[in-house]
Amino acid sequence: MPSEEVISYAEGRFELRKRLLGLVLGPLLFLLVLLLPMEGLSQEAHLLAGVFAWAVVYWVTEALPVAVTAILASVLSIALGIAPAAIVLAAYGDPIIFLFIGSFILAEAMRASGLDRRFAFALLRYTWATKTPARVMATVGVITWVLSLWVSNTATTAMMLPVGVGILSSLGRVGDANTSKFPIGLLLILTWSSSVAVGIPVGSPPNLIAIGMIRDLAERRLSFFDWVAVTMPIAILMLILCWLILRYRYRDDRSTEGDIRKYVAIEREKLGRWTRAEMNVAFVFLLAVVLWMLPGAIAMFSSPDAPIPQFFEKHLPESVVAMIAVGSLP
């Protein structure tokens, strides 16, 4: 038995060293290939040879999972200008699919790290947010709406439902629908606010499908920022209307402040200090948002033909940014 443990430990150290060596050797070999003169090859072919060498090293040493290395090679091919995203990703399907996958994985990372609950309880801790049932509904609605801008409707509702039930439990109003309208209003604002959050493309699959259809049928490419500029005001208006309707229909004037604040304090204490996973996911998420929004914002205030928007469209389209973000997750 002891000998098996020693062998397993030795094998583990060998695998770790092999992967670390591969992580460093891959980019170095890529640079070496670029420095070597290769007559008869175009610049794109020369770059592709370097990417191929990099990928082979990662496959042999298993520095990254095999599937991740395959995607990395595709992302590098687009980022280095070897070929457009539509051509490189054609074997996988429409490039929009990568934006789907990337947004789903980012959403799961938020849930797994607990970042979603930290965000929710950070807002609920304020006195003004929990003083009356109407304010509680407004706060929960805004939290759900903001999360649903980036995460699918169903996933957001599933994330926030335990928070909503926890609030009702702290007030002793679970199963209280016969004597109070507040439980119904609170649970409805969860579902309604997640459904109207159409302000960000990655928040719902139909948004991305619509962008793909506009591109194919109308021959008009909508950037991330273009979509936000048009749909965000509509999403904000619909959220306000949802709250006004539910506030009027399920009005409850009883105070909710003290009990909810105790519940939020307990939950925040359970969360403890920020973990490394939460900080990593938050950084990657913010980086993805900046890279998604930046080219469209610059194009709006300058010109779509400006160098930076053109660079992003050619080398870092939204689908590639999503995959870079996913690859950067811990």
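The values are calculated or read from the model by the stated rules, or taken from the named source; none is laboratory data. Because the structure is predicted, anything quoted here is derived from the model rather than measured. Cβ placement follows ideal geometry from the backbone for every residue including glycine, while neighbour counts extend to all protein chains displayed.
Observations on the structure shown:
- Scanning region 135-156 turns up at least one residue that is modelled with pLDDT under 85 and surrounded by fewer than 18 Cβ atoms within 10 Å (Cβ to Cβ).
- Selected residue (only one of M232, M238, M213 is surrounded by fewer than 16 Cβ atoms within 10 Å (Cβ to Cβ), at pLDDT 90 or above and in the same structural domain as T154 (by TED's automatic domain parsing)): M232
- Taking the criterion of being at pLDDT 85 or above and either more than 20 Å from G114 (Cα to Cα) or not assigned by TED's automatic domain parsing to the domain that holds V136 (or both), the residues of region 253-295 that qualify are V290, L291, W292.
- For V174, the criteria (1) at pLDDT 85 or above; (2) touching a Pro at 6+ places or on another chain (Cβ under 8 Å); (3) surrounded by fewer than 16 Cβ atoms within 10 Å (Cβ to Cβ); (4) not charged (D, E, K, R) hold in every case but one, which is (1).
- Here the helices (runs of 4 or more DSSP H) wholly within region 1-112 that include at least 1 residues being hydroxyl-bearing (S, T, Y) and at pLDDT 85 or above are 43-61, 66-79.
- Of all the listed residues (G26, G102), the sole one being buried (at least 20 other Cβ atoms within 10 Å of the Cβ), touching a residue at least 60 places away in the same chain (Cβ under 8 Å) and not aromatic (F, W, Y) is G102.
- Some residue of region 151-160 being in contact with a Cys (Cβ under 7 Å, 6 or more places away or on another chain) and touching a residue at least 12 places away in the same chain (Cβ under 8 Å): no
- When W227, W243 are checked against the criterion of being among the aromatic types (F, W, Y), over 22 Å from the mean Cα position of the chain (by Cα) and within 19 Å of A197 (Cα to Cα), W243 stands alone in meeting it.
- Checking D226 against (1) modelled with pLDDT of 85 or more; (2) within 29 Å of K131 (Cβ to Cβ); (3) of a type outside the set (G, A, S), the condition it does not meet: (2)
- If you go through region 286-310 and keep only what is in a helix (DSSP H, G or I), surrounded by 13 or more Cβ atoms within 10 Å (Cβ to Cβ) and out of contact with any helix residue (DSSP H, G or I) (no Cβ under 6 Å at 6 or more places or on another chain), you end up with L287, V289, L294, M300, Q310.
- The selection criterion, being surrounded by 12 or more Cβ atoms within 10 Å (Cβ to Cβ) and touching a Gly at 6+ places or on another chain (Cβ under 9 Å), holds for L246.
- Residue in region 120-138 that is among the β-branched types (V, I, T) and not in a helix (DSSP H, G or I) present: yes
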